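Scroll down for the structure; my scribbles are underneath it.
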Amino acid sequence: MMSSLLLLPLLVVASKDSKFGHVLPVDLPSMEDLRVKNLESIVPAFATFEGQMFAGSLPIDHTTANKGDKSSSSSSSNNNNKRTGNLQFWLFVPDHPTVPGTITSWFNGGPGCSSLATGIMFEHGPVTVPLHPAGWCCEDPNEPLTPNPYGWTNATIMMYVEQPIGVGFSEATNGTPPPASEDDVVADFEAFLQNFYKVFSSNNDVKSNLDLTGHKLYLVGESYAGVYIPAIARGIYIRNFEQENNDKDNTNDRLMINLAGVAIGNGKIDGITQGVVVVDYAYWHGLIDGTTRDFLHNTWEACMEGVRVADGNIGGALDGKSSSTNPTNDPALETTPFHPFNVRDECGILDAVLEAAGESTLDNLPGGPNIYEYSTWDPYAAGEISTGTVGAFYNNIEVQRALNVPKHIQGKGWEGCIPESDEMDVRRRLSKSASSRRKLKTNVTKVTQSHRKLFMDNDTPWSTIPYLAQLLDEAKIDVLMYSGDRDIICCTQGTEESLKNMEWSGTREAAPGVPVVDRDNNAWAQAPRSLWVHNGTYPAGYVKTYKNLQLLTIYNAGHMVPCKFEQCNARACSRLPLVTVLH
């Protein structure tokens, strides 16, 4: 059963018309200042990486857009039209990359989780915790860091950035608030990139003999990166467009960024579409029964009615102009775990699915089925904020010095996710006792305030589908959407439905031999879907391609595909998505 909302058109107009602030002049370090030194003496496994490593903190100082425009969703420090701070990064430059001339910037989600944590230590860094196949349970919280022969750091220059400001070692300065919307995220990251390219250029440091300004840039990530990446890529495209058209007022002394493509794994791209698909996914995978499924569909429709009443139409909601309210006063939206719609976790439906699937039943595994991989209850203990392997590594003062963490931050404590952002942490805090887990219809406890205090809870836009369409048709860059088939929270079916709704040339053009163009009959919908075969012999999933859009479904993988893809031992992880998308 699919919600009728999936048939509604996207009414957002993706326009190039925009005004941006300017990156402010700042003192920058040299490449040598940022070189990682002696890390292998702290963790010997890092001696296996064949290449150079750089790390440190770069400023994001810039003026904000639309000064005096009350409709702007950007925020600045103390109303002084500036945002200032620093983003921590870690750069791996392999000696012999499989795909030379490329930089891949990796994003984890949350929102508010560090790519230095999951991206490097759980997925495709040169050193990770041991990688286990899908369905594995359970990780030792103190698993050792070991060399990862299938790391993406063998294929391309990999950059991991802790963003937005406030995540990990990254910090705001001068009273700059957390990002209010993707407008802030985009402007902050653009400023970081400008300063990054100024440092890693031949003009900055001849000694290092490294100039990255001409390399192709790929933005790749998972989960809430489905919001970050389309917004940031679109921001880069628009700024490049203005620069190419000599709009000096907006480009100033900006460096052109060679954006070549994006890849998003199990991404949050359209909560209106994806939120309800979770219910059907849970039902067809045996996590909930038909009665619970029907109840959750009815609750979702009540939540969507609230969006319609607040905005007048779904298009207004997708444009991010709604406040999260309950204008219909529906009691279903004032009972735990439900709440009015927000971009971060829709209407609380996922929490209800997990509750019905057994959350809090077992004292040793209270989280229930893993939201990132339904086939295990493993809580990924090695990644716990302070006690696990990853937390112990980044909280080691010697490691912080090796990574050139600013001295005033060293020793203050690092967390892999802002406490109000990590889905697993939020679930633990909102867990109820086993005796109440089945009482979804009768539990009248008010919604906990935790729902309203999540990081970037009222982020906009609510859908990045129009941004993806603009990247495909205007920017004409490659877009890969890939999904592990065991993920609950951003399941592959939700991605497929979202792309089916997308208005772009692929859905406006007729399929061969089909005279009618509609949602089910168009070039993208009718494009052939074929086996994705690894090493020419092993069926590893399915792939669908039309023009510069590719949809890849991967067997036996979860939300974090490189971490749980069973064919890692056959080097498939080093292909995914890099060889698929990099040119």
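The values are calculated or read from the model by the stated rules, or taken from the named source; none is laboratory data. The structure presented is a predicted model; accordingly, all values stated were derived computationally and were not measured. Positions of Cβ are backbone-derived with ideal geometry, glycine not excepted, and every protein chain shown enters the neighbour counts.
List of remarks:
- Test: F169 is buried (at least 21 other Cβ atoms within 10 Å of the Cβ) and either modelled with pLDDT of 95 or more or basic (K, R) (or both): yes
- Test: residue in region 218-239 that is hydrophobic (A, V, I, L, M, F, W, C), surrounded by 21 or more Cβ atoms within 10 Å (Cβ to Cβ) and touching a Pro at 6+ places or on another chain (Cβ under 6 Å): no
- Just one residue in the set L430, L471 is at pLDDT 75 or above and aliphatic (A, V, I, L, M); that residue is L471.
- Looking across region 386-398, just one residue is in contact with a helix residue (DSSP H, G or I) (Cβ under 6 Å, 6 or more places away or on another chain) and within 14 Å of N38 (Cβ to Cβ), and that is E398.
- Flag if P369 is closer than 29 Å to G306 by Cβ, surrounded by fewer than 24 Cβ atoms within 10 Å (Cβ to Cβ) and at pLDDT 75 or above: yes
- Residues that are out of contact with any helix residue (DSSP H, G or I) (no Cβ under 7 Å at 6 or more places or on another chain) and modelled with pLDDT under 90, drawn from region 522-561: W532, V533, G536, T537, P539, G541, Y555, H559, V561
- Pairs, first among the β-branched types (V, I, T) in region 358-370, second part of a loop (DSSP other than H, G, I, E, B), C-beta under 8 Å, six or more apart: T361/G368; T361/R437
- Taking each residue of region 526-542 that is surrounded by 12 or more Cβ atoms within 10 Å (Cβ to Cβ) and looking for partners that are among the β-branched types (V, I, T) and in a strand (DSSP E or B) with beta-carbon atoms closer than 6 Å, six or more apart or interchain, yields W532/V543; G541/T553; G541/I554; Y542/T553.
- Test: N148 is buried (at least 19 other Cβ atoms within 10 Å of the Cβ) and not aliphatic (A, V, I, L, M): yes
- Output for region 537-548, where each listed residue is more than 12 Å from A525 (Cα to Cα) and assigned to a strand (DSSP E or B): Y538, P539, A540, G541, Y542, V543
- On inspection, A117 does not qualify as more than 20 Å from the chain's Cα centre (by Cα) and either of a type in the set (K, R) or buried (at least 16 other Cβ atoms within 10 Å of the Cβ) (or both).
- When Y150 is tested against (1) at pLDDT 90 or above; (2) in contact with a His (Cβ under 8 Å, 6 or more places away or on another chain), exactly one condition is not met: (1).
- A count restricted to region 478-523 and to residues that are surrounded by fewer than 23 Cβ atoms within 10 Å (Cβ to Cβ), part of a helix (DSSP H, G or I) and not basic (K, R) stands at 7.
- Output for region 141-162, where each listed residue is assigned to a loop (DSSP other than H, G, I, E, B) and of a type in the set (V, I, T): T156
- In summary, S505 fulfils each of the numbered conditions (1) closer than 29 Å to I238 by Cα; (2) free of Cβ contacts under 8 Å to residues at least 12 places away in the same chain with the single exception of condition (2).
- Residues located in region 60-111, provided they are β-branched (V, I, T), within 25 Å of V561 (Cβ to Cβ) and either modelled with pLDDT under 85 or surrounded by fewer than 21 Cβ atoms within 10 Å (Cβ to Cβ) (or both): V93, T98, V99
- For region 171-200, the set of residues classified as farther than 25 Å from N342 by Cα and either of a type in the set (F, W, Y) or in a helix (DSSP H, G or I) (or both) consists of E190, A191, F192, L193, Q194, N195, F196, Y197, K198, V199, F200, listed by residue number.
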